[in-house]
Amino acid sequence: MNRYFMFTVTVSLTAALLTQINCSRMKKVTNAKILGFDWKNCGQPDDPSVLKSLSLSPDPINIPGSLTASASGSTSVALTAPLALNVTMEKELAGIWVKIPCVEQVGSCHYPDVCDLLNLVIPPGQDCPEPMHTYGLPCHCPFKAGSYSLPQSDFYLPFMDLPYWLTNGNYRLQGMLGSQTRELGCIQVSLAIQSY
């Protein structure tokens with residue numbers, strides 16, 4: 001597993017949770033754009049999981065719409081359950097970055113075991129979704145030590161239900177992956193969302 005995968009897990013789980021949560025304060029986003037997507041590693045120099053590249057296009061990314069992505073990374077240790085994920089989400093308000101609390105598993109949340117969440121999204125025994133299946137990328141724990149690569153691949157982003165507070169603004173997300181004994185990797189993402 002690598003930081004690309006950690007990022008993919010974070011985005012995929014957030015999207016899956018958003019589409020499955022039945023919350024009265026959710027609203028249907030008929031059209032949205034993600035602009036200025038950027039990322040960087042935020043972990044320690046000796047973290048075993050390293051994101052080497054991540055490319056998303058076009059800019060802006062339209063929802064619904066097509067997305068082209070490629071990524072590569074590596075991990076020097078096997079990653080086994082439990083794999084904790086701490087997500088910090090911030091929104092810029094009047095020039096100040098404000099931490100968004102964890103509301104119904106969306107926002108700045110602690111997920112005790114990403115492996116359990118992956119099993120909810122992709123039931124054990126089910127093939128990994130495309131293009132992961134085609135390129136032999138794993139989608140269940142444990143993840144072997146090694147290098148992982150996703151060549152340029154096309155995805156379709158469907159309509160999504162988003163909380164009313166998760167539209168129109170600049171956002172920063174940080175995802176820190178860890179085991180019971182140490183930090184394994186960290187990635188920080190920044191982007192802007194415009195819905196209409």
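The values are calculated or read from the model by the stated rules, or taken from the named source; none is laboratory data. Fair warning: this is a prediction, and the values are worked out from it, not measured in the lab. Every residue, glycine among them, receives a Cβ derived from its backbone with ideal geometry; neighbour counts consider all protein chains shown. Please note that ligands, DNA and RNA were not included when accessible areas were found on the heavy atoms of the full protein model with its side chains. Shrake-Rupley method; radii C 1.70, N 1.55, O 1.52, S 1.80 Å.
A crude spin-label estimate for the pair Ser149 and Gln44, with each label 7 Å from Cα along the Cβ direction, gives 3.0 nm.
Of all accessible surface on the range 88-196 at a 1.4 Å probe, what whole percent is carbon and sulfur? Could you put the intermediate results ahead of the total?
Details: 3410 of 6000 Å².
In the range 88-196, the share of accessible area belonging to carbon and sulfur is 57 percent.
R0 = 25 Å: FRET efficiency of Lys99 with Glu130, Cβ-based, nearest 0.05? The calculated FRET efficiency here is 0.10. Distance between the 7 Å Cα→Cβ label points at Thr80 and Glu92: 4.4 nm. Quick one: 3J(HN,Hα) in Hz for the range 53-63, Karplus 6.51/-1.76/1.60 with θ = phi - 60°, rounded, Gly and Pro as x. Rounded to whole hertz, the list is 7, 7, 10, 10, 8, x, 10, x, 8, 8, 10.
When only Cα pairs under 8 Å and 6 or more residues apart are kept, what is the percent relative contact order across the range 28-180? Provide the component values of the computation, followed by the final result.
Numbers: 267 pairs, mean separation 50.2, N = 153.
Relative contact order comes out at 33 percent.
On a per residue basis, the range 121-196 carries 55 Å² of accessible surface, using protein heavy atoms and a 1.4 Å probe.
Taking amide H as placed 1.01 Å from N in the peptide plane, Val77 has its amide H under 5 Å from the amide H of Gly146, each at least 5 places away in sequence or on another chain.
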